[in-house]
Amino acid sequence: MVEFDATVEVIGADGAVPFLDVFQGRNELVVYKHMWYDQAPHQGQCEGCTTTAWHLNDAAYLNARGVSFAIVTSGAWAEVAAYVEFMGYTQPWYSVRGLDAPVGHDMGHITCCLRDGDRTFLTYSTTGRGNERVNSSLGLLDMTAYGRREAWEDNPADRPAGLDACWSWRSDSDGNSTWGPSSRPTPQWTRPGATPVQTLGRGEDHH
């Protein structure tokens, strides 16, 4: 375990609060650290982070075991708040802009923290494929006969070919995964009023 200072302030829906408040009075905390592209529109935010955050939209079972959950990001709060509203996320979000690890820095990670009174500790951190554990859709697809249906899979000749390069890639309005400029992270297509766009709005066509 690595002890860290939880008196540092983060910005959330209620303004600046000490990171200790993110524990919501519980002794354990799971945090997802969402990557952020400054001044990008909603469709320009990270496809992998969008997918992960969508699968973490309900922490009822974590809470029942005394574990809180929150999402932190390096984005400025005004931009983050608009994105959270657009996506319909219900979990608490906080901006950790300019803060050092483990509260800030190293986005795209799942981190676990422990509280002992006013002392706080980082106990676990993972990223990349390690983040798949919270993606229940991938776990269920792995149980099916045809699996994830991703193009990289080496399927037998008598099985359907993979449809998509990767579930973390963006999807166009027809559901086709693509790095193209007119796509957005797949869950965003379910948002009210979400329509095809022509740019990711961050000076590049892909992540």
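The values are calculated or read from the model by the stated rules, or taken from the named source; none is laboratory data. Just so you know, these numbers come straight off a predicted model, no measurement behind them. Reconstructed Cβ throughout: ideal geometry from the backbone, glycine too, with neighbour counts over all protein chains shown.
In table form, for the structure just shown:
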quantity	calculated
Condition met for V8 (surrounded by fewer than 19 Cβ atoms within 10 Å (Cβ to Cβ), within 19 Å of G98 (Cβ to Cβ) and among the β-branched types (V, I, T))	yes
Residue count for the range 76-104, restricted to those that are under 13 Å from the mean Cα position of the chain (by Cα) and buried (at least 18 other Cβ atoms within 10 Å of the Cβ)	7
Scan of the range 109-145 for residues that are surrounded by 13 or more Cβ atoms within 10 Å (Cβ to Cβ) and part of a loop (DSSP other than H, G, I, E, B), ordered by number	N135
Pair list, Cβ < 7 Å and 6+ apart or interchain, from the range 134-159 residues that are touching a residue at least 24 places away in the same chain (Cβ under 8 Å) and closer than 23 Å to T52 by Cβ to residues that are of a type in the set (V, I, T) and surrounded by 14 or more Cβ atoms within 10 Å (Cβ to Cβ)	V134/T52; V134/I110; N135/T51; N135/T52
Residue match in the range 42-54 (condition: part of a helix (DSSP H, G or I), under 17 Å from the mean Cα position of the chain (by Cα) and among the aromatic types (F, W, Y))	yes
Residues within the range 21-35 that are crowded, with 20+ Cβ neighbours inside 10 Å and under 13 Å from the mean Cα position of the chain (by Cα), tallied	4
Contacts under 9 angstrom Cβ, first residue in the range 49-61 being under 20 Å from D106 (Cβ atoms), partner of a type in the set (D, E, K, R), 6 or more apart	C49/K33; T50/R184; T52/E132
Subset of the range 83-98 (residues that are of a type in the set (A, V, I, L, M) and at pLDDT 95 or above)	V96
In the range 18-41, the residues that are out of contact with any Phe, Trp or Tyr (no Cβ under 6 Å at 6 or more places or on another chain), touching a residue at least 60 places away in the same chain (Cβ under 8 Å) and part of a strand (DSSP E or B)	E28, V31, Y32, K33, H34
All positions within the range 67-92 that are more than 28 Å from N27 (Cα to Cα) and either hydrophobic (A, V, I, L, M, F, W, C) or in contact (Cβ under 8 Å) with a residue 60 or more places away in the chain (or both)	A78, A82, F86, M87
Residue match in the range 45-54 (condition: within 23 Å of L138 (Cβ to Cβ), in contact with an Asp or Glu (Cβ under 6 Å, 6 or more places away or on another chain) and buried (at least 16 other Cβ atoms within 10 Å of the Cβ))	no
Selection status of D116, at pLDDT 90 or above, within 16 Å of H34 (Cα to Cα) and charged (D, E, K, R)	no
